[in-house]
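Here, each number is a calculation from the coordinates, and none is a lab measurement. Given the structure is predicted, the values throughout are model-derived calculations rather than measurements. Heads up, the Cβs are rebuilt from the backbone with ideal geometry, glycines too, and the neighbour counts pull from every protein chain shown.
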Amino acid sequence: MSAIALVTGAGSGIGRASARALARAGFHVVLTGRTLSSLEQTRDGVDDATLAARLQPMVADVSDPDSVDALYESLRGEHGRLDLLFNNAGTNVAPAPIDEISVEDWRTVIEVNLHGAFLAARGAFALMRGQQPQGGRIINNGSISAYLPRPGSVPYTVSKHAITGLTRTLSLDGRPFDIACGQIDIGNAASDMTEKMGSGVPQADGSIRPEPVMDVAHVADAVVNMATLPLSANVQFMTIMASAMPFVGRG
């Protein structure tokens with residue numbers, strides 16, 4: 001029987017690439033996001049019918065507790081267990097200093113990036129704790145912003161610092177139940193969210209400069225590497241980034 005994985009934000013970018021890579025690695029992958037057509041594109045965009053059969057769309061809004069509860073009830077009823085959660089769904093708003101950030105924009109980011117990650121992890125933890133055999137793995141999608149911010153990124157950076165706290169706490173709380181938790185911090189993977197990198201983004205010195213990006217397939221391969229370890233081993237934190245991006249020397 002295939003191990004069961006759940007990927008949030010599976011309708012595009014990192015989520016789509018990672019879901020397909022996990023299916024190639026042998027997982028049965030439940031794809032979740034708010035738009036069915038995007039999830040179906042993740043499934044239908046692969047050429048291999050056997051691979052496509054391992055990709056199963058289930059619509060849910062990670063920021064809505066009732067929607068997340070319904071997702072896990074469906075997953076439990078159909079599969080009976082969960083072996084992996086890639087807690088990937090995320091969003092962002094235009095950069096601005098804090099006094100120009102609306103409360104609505106703040107809530108938009110926090111509701112998905114933090115509240116949504118909490119709800120998805122909460123549901124996965126409960127299922128993994130109660131199933132037999134007990135246990136599983138949660139991989140949280142952090143960001144290099146969990147370490148160093150970009151200018152004007154208060155909502156996003158705050159949310160990703162909080163993800164690090166979530167990861168550390170779940171790692172500790174999961175030990176008695178054989179639940180491992182790690183975090184992948186990604187810098188400049190080519191996706192819709194990084195499309196603007198080529199034309200230039202704000203730097204710490206006030207300039208606007210283009211930044212290099214990397215193929216999202218490398219991120220997907222890293223997620224698979226973390227996901228396929230035995231539960232006796234864990235990648236606690238991994239940073240994967242475009243080699244020449246201004247991260248190590250940012251500031």
Using only Cα atoms, figure out Rg for the range 29-120 and give it as a multiple of 2.2 N^0.38 Å. 1.28
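Run through the DSSP bridge list for the chain and note the antiparallel percent, rounded to the nearest 5.
Values: 2 of 31 bridges.
Counting only bridges with both partners in the chain, antiparallel ones make up about 5 percent.
Specify, per residue and in Å³, the volume enclosed by the convex hull of the alpha carbon atoms belonging to the range 106-199. Provide the component values of the computation, followed by the final result.
Working: hull volume 9.3 nm³, N = 94.
Hull volume over Cα atoms, normalised by residue count, gives 99 Å³.
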Would you pull out the residues with amide H under 5 Å of Met241's amide H, same chain only if 5 or more places away, H placed 1.01 Å from N? Gly187
Let's test this: bin the Cα-Cα distances of the chain at 5 Å from zero up to the farthest pair and state each bin's percent. 1, 6, 14, 18, 20, 17, 11, 7, 3, 1, 0
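Just order 132-142, 42-52, 11-21 by mean Cβ neighbour count inside 10 Å, highest at the front, would you? Intermediate results must be reported in sequence, preceding the final value.
On the way: 132-142: 20.9, 42-52: 13.3, 11-21: 24.9.
The densest-packed peptide leads the list: 11-21, 132-142, 42-52.
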Nearest 10 degrees, 0 to 90: helix 216-227 Cα axis against the chain principal axis: 50
Using alpha carbon centroids, what distance separates the range 116-168 and the range 46-77, in Å? 19
So what is the orientation-averaged projected area of the range 207-251, using the convex hull of its C-alpha atoms, in nm²? 4.2
Return the sequence-ordered ³J(HN,Hα) values of the range 237-244 in whole Hz as given by the Karplus equation 6.51 cos²θ - 1.76 cosθ + 1.60 applied to θ = phi - 60°, using x for Gly and Pro. 9, 10, 10, 10, 8, 4, 4, 9
Any idea what the relative contact order of the chain is, in percent, if you count C-alpha pairs under 8 Å spaced at least 6 apart? 18
